[in-house]
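Below you'll find the structure, written out as structure tokens, and then a few comments.
The values are calculated or read from the model by the stated rules, or taken from the named source; none is laboratory data. From a predicted model like this one, the values you see are computed outputs, not experimental measurements. FYI the Cβ positions are ideal-geometry reconstructions off the backbone, even for glycines, and counts take in every protein chain you see. Ligands, DNA and RNA are stripped out before the accessible areas are found, and what is left, the full protein with its side chains, is counted by its heavy atoms. Shrake-Rupley method; radii C 1.70, N 1.55, O 1.52, S 1.80 Å.
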Amino acid sequence: MSGPFRFQNAGRTLQKELLSQWYGELSSANEEGVPVAYLFISGNVAELLRAFDFRLGYPEVNSLQCGIKKAAGPFILKAEDAGYSSDVCGYVKNDLGLLASGGKAPFGNLPRPDLLLCTYSGCTTYVKWFEALAEATGAPLVFLDVPYHRDPDAFASDRAYVVSQLEELIGVCEKITGKKFDETKLRGILDRSRRAEEAWTRILESARRRPSPFDAFFEAVFFMAPLYVLRGTEACVRFYETALAEIEERIAHGIGPLPEERFRVVVEGPPPWPHFRAFGELFRRWGVCAVASTYSKVGGLFDQGVRHDPDRPLESIAEHAIHCYTNWNLGLRRDLLERYVRDYSADALVIHSVKSCRSFSVGQADAREAFSHEKGIPTLFLESDLADPRYFSEAQMRNRIDAFFEALTHRRLAGAGAGGKP
Amino acid sequence: MTVHGRGNRPPVVTEPTLGPPVSPDATLDGILERCRSLAGDPSLEAVSRWKGEHPGALAIGLFPVYAPAELVEAVGGLPVPLRGGGGRIELERADARMQSFVCSITRSTLELGLSGRLAALDGVIFPSICDAARNLSGIFRRNFPSLLVEYLHLPSNAASRVAVDYGRGEFSRLLGKLEARAGRRATEEDLARAIVAGNEHRDLVRRLYALRREDPGRISSLESWVLLRAGDVLPRGEHAATLRRALDLLPRRATRPRDRIRVLLHGAFCEQPPLELLATLEEAGCEVVGDDLLLGTRWLRAPVRAGGDPLGALAEAYLRDSTPSAVRHGTTESKGEAILEAVSRCRADGVVFATAKFCEPGLFDLVLEKRVLDRAGVPSLAFEFEERMGAFESIRTQVETFVESLLLFGGERPVPERAGRRP
Ligand code: SF4
Ligand code: SF4
């Protein structure tokens, strides 16, 4: 048995510290004269830009932060006033509204970008987002065409295409920063990415245990942040080593994120950021632990073996760009969900369908048909939004969630003789 | 401004009865009549008939906006551009499989499949235009396992020196799938012949648009739409003959009275608006002298190089000669330039943006394009549509107001288009 807790909350504490440090550095980048690049989270090529000492900003994180800090509403309205339809992605509107309001975010000031690197991985709306940012900021927009992972037959040529574009991007970065490309430096960065990815994968896989020491959705969304914004840095490696120590300590004490784990679920889809706490509470009261989620894979499918690799620098960057969850075709996504349900011994699948993100949501209703009617996996389908606070109805959510877990409880009682599993 | 609504309304066109193919002495009325019967037939009867006449040949659906139909033709197949249900079908099964916050064309195309109306097809190709269509390809794969469902990644980094090679590879991959399904190889001659036919066809479509610009009294935008839409279910050669004959006859047709303003209709490049919407625009005083309806029929703006490496030529044409579009990456300057150029080519007095509800590419580009027009002093009006919208009164009022304001203040604008208006 283990001794006292040494790492309790170490992950969350360090995560907050590192993120606020990152915002600070970003806010002052323009005054310091350090070039700033904006990129997306999904399948981004942060390592390559880090090799040129860009400071990296992520418009999606701006929107996420505004959402969770309950500041998204006015920015979204500002963008709608400028002509953006109420039906387009709220993440984009939040960020454009923020920019139009002077870039003063609740977490710091947005720096002016010197480069907009659009990596179009998993989301076509990304293209529209950066086209609009290019117009608003006048910064050069470089487009990295990452093909959809549609067919195994296409993978080799897709990867070669991305690698060639990365070689071209190196030239662009040399021009903007005036620095020569240093491959040794890139290898070092990739090695740090790989170490963080290894530790993150071990954290994710710890959720196979019963009880799970970790909530792979409600906690993972915080635990994954350093990997998305600081990948390739020493601080990022330190974070994942600390977080893993915290998880291992929980395992040693036989505890998890809940007082009692009553249901294990796989969660598909992003969280409703503006109502994150309330949403989580609706599950917590039923003792629901998420043992796997797909949202924690939008930045890369590391648990499926994706790794940055110092020995294959550009190839591994290209593979990471292609293999993020929303860039996988729906058949691969469904297979992955099915594996999660099986390998993580889940009782049910929860699909959170958000209006903003067609990249995620189109296909989820069809997947529900497949899972609940054809595969016999209990499936809860919920609808709201990840960005726009107007689409969340707590009473309706509560009713659906309660009804679902009540039914699961009944099933479990009825089948108690068969091992207590629904 | 957003106008949309739902409701029951009678279909515009009655269910089709197939007329005889166009004869060399066909009249314009006869041609239009036949095209009307073919246009938008949701059960693809003409395709079934073609399949009956060509045993073993493939009919391949092409989701908008552009995919190289030449590849299908090169394996002896019939490319069938899909345009959704066009408001003519009820959504009975698709609702359960696709949420309500997605554009009509993806939902109704799924319904066409689930209700068996795509039974004449052997496959469907989905080009990379948006996330909704991309994921629809995955829904198709699961629900229609016997169909060949292919997602085509059109290269979108035109600045990259490897983009043409990549595009060539992707076209060749797709061709391989078609060949395997058709059980026959496409020779270089097959491809070259398809390329020549495609060039000729696009040229005829361009002539039709030139006629609408130069002599809009001869044909309404609705008739032009119907003429082109019939091509979705006809072999390219047969449709080319129809267009050729119509283009011979149109200049001899009596002109309609001309007291309208010249309008460029923009934004319905993928999902098609209800025909009532086109009729409403005309009734409210617009002469639609240019549009991006059925954009795939003229997506490539220059002939594809014939001879040499045909797949390379198609890839090169895609990267070099594609129409600037919301479904392709482009800068505001390039897109802004393109819409201003279209305005001046059409000598349009104003632009009417009709965007499909929930269409993210269209709705995002609308904001940037509208700003460009505002800066250039070109008046514009914007609204959204859905396939199955029922009420057009609010749109009619908006358009009438727009037309009146142009007639009233048009003369003061610095734009020279009005000089080009016909008496
Ligand atoms: S559509 Fe989805 S992935 Fe794309 S920007 Fe919006 S929220 Fe992000
Ligand atoms: S109408 Fe717009 S959103 Fe719908 S499939 Fe076409 S491009 Fe995509």
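If you take every DSSP beta bridge whose two residues both sit in chain B, what share of them, in percent to the nearest 5, is antiparallel?
Numbers: 1 of 28 bridges.
Once the DSSP bridges in chain B are tallied, antiparallel ones form about 5 percent.
Can you tell me the equivalent ellipsoid semi-axes for chain A? Use √(5λ) from the Cα gyration tensor, largest first, whole Å.
Three semi-axes, in Å: 35, 24, 21.
Starting from the 7 Å offset along Cα-to-Cβ, what nm value, one decimal, do you get for the label separation of A:Ser28 and A:Arg285?
Simple spin-label model gives 4.6 nm for this pair.
Show me you know the interface measure: the accessible area buried between B and A, both chains summed, probe 1.4 Å, in Å² to the nearest 100.
In total, this chain pair buries about 4500 Å².
How about A:Lys375: which lysines have a C-alpha closer than 17 Å to its C-alpha, ignoring those fewer than 8 places off in the same chain?
A:Lys421
What do you get for the angle between helix A:234-253 and the principal long axis of chain A? Use alpha-carbon atoms, 0 to 90 degrees, nearest ten.
Long axis of A:234-253 versus the principal axis of chain A: about 10 degrees.
Based on the Cβ-Cβ distance of A:Ile255 and A:Ala403, what FRET efficiency does E = 1/(1 + (r/R0)^6) give at R0 = 45 Å, to the nearest 0.05?
Working: r = 30 Å, r/R0 = 0.66.
Efficiency computed from Cβ-Cβ geometry: 0.95.
Within the accessible area of the stretch A:10-182, what % is carbon and sulfur when the probe is 1.4 Å and the other protein chains stay in place?
53
Provide, in order from the shortest bin, the percent of all Cα-Cα pairs of the stretch B:244-313 in each 10 Å bin, continuing until the bin that contains the maximum pair distance.
15, 31, 34, 13, 6, 0
Identify all lysines with a Cα-Cα distance to B:Lys335 below 25 Å; exclude those on the same chain that are fewer than 8 residues away in sequence.
Straight-line reach from B:Lys335, under 25 Å: A:Lys78, A:Lys93, A:Lys128, B:Lys357, B:Lys370.
By how many nm would the segment from B:Leu408 to B:Thr255 lengthen if fully extended, with 0.36 nm per residue of separation less the alpha-carbon distance?
52.6 nm
Per residue, what accessible area does the protein assembly as shown have, given a 1.4 Å probe and all protein chains present, in Å²?
The answer is 36 Å² per residue.
Considering just Cα atoms, how many Å³ per residue does the convex hull of the stretch B:11-164 enclose?
Given the Cα convex hull of the stretch B:11-164, per-residue volume reads 156 Å³.
So, in nm, how far is label A:Thr13 from label A:Asp81 when the simple model puts each one 7 Å beyond its Cα toward the Cβ?
My value for the distance between the label points is 4.3 nm.
Compute the relative contact order of the stretch A:185-414 as a whole-number percentage, counting only Cα pairs closer than 8 Å that sit 6 or more residues apart in sequence.
Computed over the stretch A:185-414, the figure is 22 percent.
Any chance you could check the Cα centroid distance between the stretch A:251-299 and the stretch B:324-355 for me, in angstrom?
The distance from the Cα centre of the stretch A:251-299 to that of the stretch B:324-355 comes to 47 Å.
Once R0 is set to 30 Å, what does the formula 1/(1 + (r/R0)^6) return for the Cβ-Cβ distance between B:Ala159 and B:Glu189, expressed as a FRET efficiency to the nearest 0.05?
So the FRET efficiency works out to roughly 0.35.
Evaluate the distance, in nm, between pseudo-label points positioned 7 Å from the Cα of B:Leu247 and of B:Asp321 along their respective Cα→Cβ axes.
In this crude label model, B:Leu247 to B:Asp321 measures out at 1.4 nm.
How far is the Cα center of the stretch B:126-148 from the Cα center of the stretch A:226-250, in Å?
Here the two parts' Cα centres lie 38 Å apart.
Could you derive backbone 3J(HN,Hα) for the stretch A:6-22 from the dihedral phi with the Karplus parameters 6.51, -1.76 and 1.60 (θ = phi - 60°), listing whole Hz in sequence and x where the residue is Gly or Pro?
Computed from phi, the couplings for the stretch A:6-22 are 9, 10, 4, 6, 4, x, 4, 5, 5, 4, 5, 4, 5, 5, 6, 5, 4 Hz.
How many percent of the alpha carbon pairs in the protein assembly as shown exceed a separation of 41 Å?
For the protein assembly as shown, the share of Cα pairs beyond 41 Å comes to 36 percent.
Between A:Ser85, A:Ser345, A:Ser353, where does the largest GNM mean-square fluctuation fall for chain A, given springs only between Cα atoms within less than 10 Å?
A:Ser85
For A:Glu369, project a label point 7 Å along Cα to C-beta. Then give me every residue of the stretch B:123-159 with its amide nitrogen under 16 Å of that point.
B:135-147
Heavy atoms only, probe 1.4 Å: what % of the accessible area of chain B goes to carbon and sulfur, would you let me know?
On the way: 8170 of 15250 Å².
Carbon and sulfur atoms account for 54 percent of the accessible area of chain B.
Based on alpha-carbon atoms only, what is the radius of gyration of the stretch A:341-405 relative to the globular estimate 2.2 N^0.38 Å?
Working it through for the stretch A:341-405, the quotient is 1.18.
Compute the Rg to Rh ratio over the stretch A:10-182 from the alpha carbon atoms, using the Kirkwood formula for Rh, and round to two decimal places.
Details: Rg = 16.8 Å, Rh = 17.1 Å.
A ratio of 0.98.
Taking chain B, how much of its Cα-Cα pair set, in percent, is spaced more than 27 angstrom apart?
On the way: 45282 of 89253 pairs.
Result: 51 percent of Cα pairs exceed 27 Å.
Loop only per DSSP, at most 13 neighbouring Cβ atoms within 10 Å: give me the trypsin sites (Lys or Arg not before Pro) in the stretch B:175-229, ordered by residue number.
Those satisfying the criteria are B:Arg185.
Check each residue of the stretch B:355-382 and keep those whose accessible area, probe 1.4 Å, is at least 30 Å² smaller with all protein chains in place than in the chain alone; give them in order of residue number.
B:Phe358, B:Glu360, B:Leu363, B:Phe364, B:Val367, B:Leu368, B:Arg371
Quick one: if the Förster radius is 41 Å, what FRET efficiency do B:Asp203 and A:Lys70 give, using the C-beta to C-beta distance and rounding to 0.05?
Given R0 = 41 Å and the Cβ-Cβ separation, E is 0.10.
If you take every DSSP beta bridge fully contained in the stretch A:1-144, what fraction is antiparallel? Give it as a percent rounded to 5. Write out the running numbers ahead of the final one.
Numbers: 2 of 10 bridges.
Taking every DSSP beta bridge within the stretch A:1-144, about 20 percent pair in antiparallel fashion.
Taking chain A as a Gaussian network, where each spring joins two C-alpha atoms under 10 Å apart, which residue of A:Leu336, A:Leu244, A:Leu115 fluctuates the most?
A:Leu336
Once the principal axes of the Cα atoms of the stretch A:185-414 are found, what is the range along each, listed largest first in whole angstroms?
57, 41, 34
Of all DSSP beta bridges located in chain A, what percent are antiparallel, nearest 5?
10
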